[in-house]
Amino acid sequence: MNRERRKTENQMRNGARGQWTNKTEYILVVAGNVVGLGNVWRFPYLCYKNGGGAFLVPYGLLAVVCGIPLFLLETSSGQYTQEGFITCWRKLCPLAQGIGYGHLVRTFYDFSYIIIQVWALFYLVFSFTSQLPWANCDNTWNTVNCIGLQILDSPSPNMTTNQTMLTNTTSAATEFWERRVLAMSGGLEELGSVRWELALCLLACWVVCYFSIWKGVKSTGKVAYFTATFPYVMLLILLIRGLTLPGAWEGIYFYLYPDMTRLANLEVWIEAGSQICFSYSVAIGTLNVLGSYNQHNNNCYKDCFWICLLNSGTSFVAGFVVFSVLGFMAQKQGVTVDNVAESGPGLVFVVYPQATAMMPFPQFWSVCFFLMLFFLSVDPHFVTVECFITSISDLFPKLLRAAGRSEIFVLFICLLFFFIHLTLVTEGGIYIFQLIDYYGCTRACHYCMALSECLAIAWIFGADRVIKNIEDMTGQRPSVFFKLCWKYIIPLLSLISFILYLVGYTHLKINSWYIYPDWAYTLGWTMTLSSVLMMPLWAAGQMCLTPGTFRQRLYVLCRPAEDPAWKRREMEEERTTVELRTSAVTA
């Protein structure tokens with residue numbers, strides 16, 4: 001009793017980080033984080049665009065040699081150190097702590113994806129109207145070029161005529177998206193006013209985020225029971241409905257028809273690698289933080305395989321949901337599937353709403369889809385915010401983990417970014433979001449972080465030590481294959497991909513007609529470099545500030561500065577036990 005009481009008192013006094021209540025909460029939170037919008041609007045389109053079923057070859061291969069090894073490396077590092085993505089490097093390789101600060105900067109840009117929740121919530125509200133506003137042209141925001149659902153739903157037998165008609169007009173769904181939801185201005189230079197309806201949705205989304213994380217992992221784990229499972233219910237409903245639509249199998253044919261000649265195209269392999277990084281949430285720091293809340297003997301080795309399998313399986317199934325509906329739309333409009341297939345916001349906020357409006361009981365299917373979309377974006381967002389707050393709190397534990405201060409700090413962060421993100425709900429907000437998405441969260445950041453992590457952990461800390469730590473924690477020794485991936489395959493592929501990204505770089509454009517001003521491209525590259533350069537700048541700074549010769553400084557900075565938290569706890573418990581026994585003998 002005395003031992004447990006003293007342990008509890010020490011945790012309260014030191015501001016303990018807390019841990020997952022049970023294994024289920026951890027699995028749900030991680031699954032909710034990695035299974036997101038990339039599974040719905042990115043993977044199906046990439047699969048169709050890059051050879052259909054043939055795309056599964058590079059995707060599966062890169063998942064094995066890059067995705068799963070990186071997933072295991074990050075979760076095991078977090079579990080071993082019991083620290084956030086900044087302070088964990090003190091226990092792995094202090095010289096590489098700049099990687100953590102790079103993750104911190106990158107997280108600022110990731111916060112902007114809350115705008116997708118805002119749009120989904122906005123559409124969800126309009127889904128309860130008696131007539132869906134994106135189905136007709138009788139609204140104040142429509143133009144003379146608008147074409148309503150009635151015309152689209154009654155195609156001409158001549159496919160060429162239909163395609164010409166669609167080229168020369170604008171669908172009601174597109175005008176609702178561009179003129180009613182976004183109210184797009186002429187460019188980034190014309191931000192315009194704040195859209196109060198979107199601002200209210202933004203406020204609601206940040207309120208949801210706050211109450212999901214305000215108690216740390218205690219509240220995050222409980223919320224995930226609903227937010228991580230509900231999208232699967234909606235996905236199953238939409239899958240059943242999609243497969244029963246006329247024309248569905250034509251869409252699925254386009255989705256999976258294998259074109260093996262595409263495998264000779266290097267761009268297909270680059271797209272597959274990018275999708276692995278994007279959907280597995282590797283090289284952004286969140287897996288490290290989520291793993292740090294595990295018990296030190298949790299079997300992260302087995303978890304890694306199951307969660308990665310769940311993620312890839314969800315992506316594959318989502319393709320059936322999306323392309324069965326696209327096949328239905330193509331048949332209704334009398335065009336080919338490739339004329340309605342899109343990626344990104346165009347798919348979920350133009351094409352799919354238009355498809356739901358063509359179905360019987362359109363309001364029901366629209367509500368199902370946007371509820372799924374909302375909750376798919378909720379989990380990754382509040383997990384990102386939680387990881388950001390955890391990493392900052394680990395830097396200042398006594399200041400930010402004291403009783404009552406944690407909730408205030410979370411409230412401060414949510415309010416601060418609510419006001420910052422008001423710029424995203426202006427009339428020029430879409431231009432800001434696209435700029436952040438293209439430069440702040442670019443593939444180059446993924447490649448550099450993956451390369452830096454592997455060099456720091458596998459080469460400096462030591463791949464053999466990583467394997468031994470995993471064996472000590474889980475009782476299972478990872479295959480030597482993982483060592484090869486960490487030391488050679490992932491660094492090599494990351495470096496090649498980064499070089500190819502720079503060689504193939506093109507300026508960002510919107511709708512192929514809007515070109516950003518020169519200062520915007522400069523700002524964009526500043527965002528990219530602000531996270532990419534953190535690692536070398538931190539390393540150079542520490543080498544300059546650490547006393548001693550060059551070799552001595554390098555030796556000090558490449559050695560772990562502290563023991564992992566769980567080892568320190570065990571040592572404290574052993575000391576406490578010895579003290580209690582000594583006291584008992586003395587008494």
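Observations, loosely collected:
- Residue match in segment 323-333 (condition: within 24 Å of Pro380 (Cβ to Cβ), modelled with pLDDT of 85 or more and touching a helix residue (DSSP H, G or I) at 6+ places or on another chain (Cβ under 6 Å)): yes
- Of all the listed residues (Asp303, Asp338), the sole one being of a type in the set (D, E, K, R), open to solvent by less than 20 Å² (accessible area, probe 1.4 Å) and either farther than 30 Å from Met473 by Cα or touching a residue at least 24 places away in the same chain (Cβ under 8 Å) (or both) is Asp303.
- The residue pairs whose first member lies in segment 140-151 and is on the phi < 0 side of the Ramachandran plot, whose second member is at pLDDT below 90 and open to solvent by 80 Å² or more (accessible area, probe 1.4 Å), and whose beta carbons are closer than 9 Å, counting only pairs six or more residues apart or on different chains, are Asn145/Asn168; Gly148/Asp138.
- Residue-level check: of (1) open to solvent by 10 Å² or more (accessible area, probe 1.4 Å); (2) assigned to a helix (DSSP H, G or I); (3) closer than 26 Å to Leu416 by Cβ, Leu95 misses just (3).
- Any helices (runs of 4 or more DSSP H) falling wholly within segment 474-541 and containing at least 1 residues that are within 20 Å of Gly285 (Cα to Cα) and of a type in the set (Phe, Trp, Tyr): 480-484, 490-503
- On the stretch given as segment 264-298, residues that are surrounded by 16 or more Cβ atoms within 10 Å (Cβ to Cβ) and either of a type in the set (S, T, N, Q) or over 21 Å from the mean Cα position of the chain (by Cα) (or both) total 11.
- Residue under evaluation Tyr555, criteria (1) open to solvent by 60 Å² or more (accessible area, probe 1.4 Å); (2) closer than 30 Å to Glu189 by Cβ, criterion not met: (2)
- Screening segment 246-338 for helices (runs of 4 or more DSSP H) wholly inside it with 1 or more residues that are polar (S, T, N, Q) returns the ranges 266-280, 286-292, 300-333.
- Residue match in segment 100-110 (condition: surrounded by fewer than 24 Cβ atoms within 10 Å (Cβ to Cβ), over 19 Å from Ile392 (Cα atoms) and of a type in the set (Phe, Trp, Tyr)): no
- For Phe481, the conditions (1) open to solvent by 50 Å² or more (accessible area, probe 1.4 Å); (2) of a type outside the set (D, E, K, R); (3) at pLDDT below 95 all hold with the exception of (3).
- Tabulated pairs, segment 472-492, first of a type in the set (Val, Ile, Thr), second surrounded by fewer than 17 Cβ atoms within 10 Å (Cβ to Cβ), C-beta under 7 angstrom, 6+ apart or interchain: Thr474/Asn299
- Every pair of residues 6+ apart whose Cβ atoms lie under 8 Å, when the first sits in segment 226-243 and is closer than 26 Å to Cys209 by Cβ while the second is among the β-branched types (Val, Ile, Thr) and surrounded by fewer than 21 Cβ atoms within 10 Å (Cβ to Cβ): Leu235/Val317
- Checked across segment 176-193, the condition of being among the β-branched types (Val, Ile, Thr) and farther than 20 Å from Ile510 by Cβ holds for no residue.
- The condition (being surrounded by fewer than 20 Cβ atoms within 10 Å (Cβ to Cβ) and under 30 Å from Gly32 (Cβ atoms)) is satisfied by just one residue among Leu182, Leu203, Leu191, Leu198: Leu203.
- Residue check, Tyr113 closer than 18 Å to Phe419 by Cα, modelled with pLDDT of 90 or more and either surrounded by 21 or more Cβ atoms within 10 Å (Cβ to Cβ) or hydroxyl-bearing (Ser, Thr, Tyr) (or both): yes
The values are calculated or read from the model by the stated rules, or taken from the named source; none is laboratory data. Bear in mind that the values here come from a model prediction, so they are computed numbers and not experimental data. Heads up, the Cβs are rebuilt from the backbone with ideal geometry, glycines too, and the neighbour counts pull from every protein chain shown. For accessibility, only protein heavy atoms count, side chains too; no ligands or nucleic acids. Shrake-Rupley method; radii C 1.70, N 1.55, O 1.52, S 1.80 Å.
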